[in-house]
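Enquirer: Quick one: the structure is below, and I'll ask about it shortly.
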Amino acid sequence: MHVARQAINDANGHLYGYELLFRSTAGATFADLDTDRATTQTILAAFAEFGADELLGGKPGFINLTRSFLVGDLPLPFAPEAAVLEIVETIHIDREVVIGALKLATQGYRLALDDFVWSEEAEPLLAVADIVKIDVLAMTWDEVLFTVEKCRPHNVRLLAEKVEDAQMHERCLAEGFELFQGYYLGRPETMSIETLSPGQQLALQLIGRLSDPSATTEEIERAVRRDPAMVYRLLRIANSAAAGSTRKVSSIRDALVMVGLSRLRAWLILIALAPDQASQTAMVVALTRARTCERVAELGHVNAPDTAFTAGLLDGIAEGLGLPSSDLLERMPMLTPELIAALTGDAKNPLRRVLASVRAYEHKDLVGARRGPVPLQTMAEAYLEALAWTTETTRYTNVKERKPRSV
């Protein structure tokens with residue numbers, strides 16, 4: 001997954017925030033589409049993959065909204081303080097758009113008017129906007145001054161966009177602009193991250209279930225754990241949700257509680273719209289490992305089988321992404337010490353022993369498998385049971401069956 005960020009500075013030259021821009025590939029230098037999908041991918045990349053802290057460093061991220069997001073047809077799954085929402089100039093301004101903008105402002109979201117050109121239709125948006133972005137490269141200076149004068153009666157901050165040189169920066173600064181963006185200050189920087197995409201079918205099923213007021217955390221957990229990529233993204237979302245908190249995550253249920261079922265539904269709608277490019281082989285291996293770890297922990301009377309399941313799943317995900325577990329953990333600093341120890345800790349740690357023995361069994365290392373908490377025969381039974389569970393599970397997540405070889 002890819003996203004570009006371009007710095008926005010204040011009048012003192014200090015970093016104020018970043019505009020986040022859709023990129024379809026690592027080498028792309030512009031967004032090749034301006035659609036709901038582009039906004040969806042940008043939101044997922046920023047908040048469910050990189051994590052807001054890692055990508056933005058505590059600064060606000062500016063995200064372009066399409067009409068669907070603005071009028072409420074598509075949900076915004078993050079808290080109001082997480083981003084500045086840009087109303088792009090290509091949106092036709094009508095009563096529905098104005099009402100949508102007012103509703104978002106009332107909810108606490110900060111709004112920016114992108115590439116703003118004054119008109120009678122656009123005037124009502126100035127009453128709810130926090131920031132007005134003026135493209136100083138696309139206008140004559142007289143047009144810039146006219147637009148500035150139209151904005152002055154309103155309590156908005158002016159952002160000079162497409163500032164290409166020092167002379168333009170000085171002219172805008174003298175005219176009262178407070179924020180600045182453009183090649184003079186820095187070009188967009190594309191950032192990429194390896195990821196797994198959750199199954200869209202499962203996401204749609206969960207959306208339907210979460211629409212039922214009687215839905216419980218327990219049944220949502222049972223559904224989510226079918227899909228390693230869904231779990232991975234849930235943990236990333238929980239990590240962003242827990243920023244600044246002392247709460248830790250040791251299981252899928254902890255992550256669900258931290259995100260909340262209502263906000264989870266909003267995330268799932270975006271996930272269902274995103275392209276599904278999950279590695280089917282990696283999904284099956286991760287699921288089998290997770291379920292085997294859970295059963296071995298249960299049969300070996302090791303505490304927290306649900307944590308063993310999560311450890312096996314994350315370990316399988318890391319393997320599928322070609323990452324060491326330590327690199328994966330850097331993306332999820334809110335995991336509990338118990339779960340971290342299971343993934344990277346001392347071999348004497350009970351959960352680490354479970355995971356190490358299951359991995360050894362998968363790789364036909366019978367000596368290593370015997371170091372676990374259960375006899376080899378019990379390990380074999382747990383593994384075969386996990387294969388059967390994975391086969392059944394993948395029928396509901398569009399993952400083609402590929403059974404890892406048994407020993």
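Enquirer: Run the accessible area of the chain with a 1.4 Å probe and give the carbon-and-sulfur part as a rounded percent.
Expert: Its accessible area is 50 percent carbon and sulfur atoms.
Enquirer: Let me check against my output: what whole-number percent is the relative contact order of the chain, with C-alpha pairs under 8 Å and at least 6 apart?
Expert: That works out to 14 percent.
Enquirer: Something else: Do you know the relative contact order of the range 251-372, to the nearest whole percent, from alpha carbon pairs under 8 angstrom that are 6+ apart?
Expert: For the range 251-372, the relative contact order is 20 percent.
Enquirer: Just for the Cα atoms in the range 83-145, what are the lengths along the principal axes, largest first, rounded to whole Å?
Expert: Here the Cα extents, ordered largest to smallest, are 36, 24, 18 Å.
Enquirer: If the chain between SER262 and ASN155 were fully stretched, how many nm would it gain, using 0.36 nm times the residue separation less the Cα-Cα distance?
Expert: Length gained between SER262 and ASN155: 35.2 nm.
Enquirer: Skip the ligands, DNA and RNA, and give the accessible area per residue of the chain with a 1.4 Å probe, whole Å².
Expert: With all protein chains present, the chain gives 43 Å² per residue.
Enquirer: Could you state the per residue volume, in Å³, of the convex hull enclosing the Cα atoms of the range 1-130?
Expert: Each residue corresponds to 115 Å³ of Cα convex hull volume.
Enquirer: For VAL84, list long-range residues whose amide hydrogen, built 1.01 Å from N in the peptide plane, is under 5 Å from its own amide hydrogen.
Expert: Result for VAL84 returns GLY61, PHE62, ILE63.
Enquirer: Anything over 27 Å Cα to Cα? Flag those among LYS59/LYS150; LYS59/LYS133; LYS103/LYS133, in the order listed.
Expert: LYS59/LYS150, as the Cα separations exceed 27 Å there.
Enquirer: Another question, if that's okay. Tell me what the chain gives for mean residue ellipticity at 222 nm when only DSSP H runs of n ≥ 4 count, each as -39,500 (n - 2.57), the sum divided by the residue total, rounded to 500 deg cm²/dmol.
Expert: -14000 deg cm²/dmol
The values are calculated or read from the model by the stated rules, or taken from the named source; none is laboratory data. Source: prediction; values computed, not measured. Ligands, DNA and RNA are stripped out before the accessible areas are found, and what is left, the full protein with its side chains, is counted by its heavy atoms. Shrake-Rupley method; radii C 1.70, N 1.55, O 1.52, S 1.80 Å.
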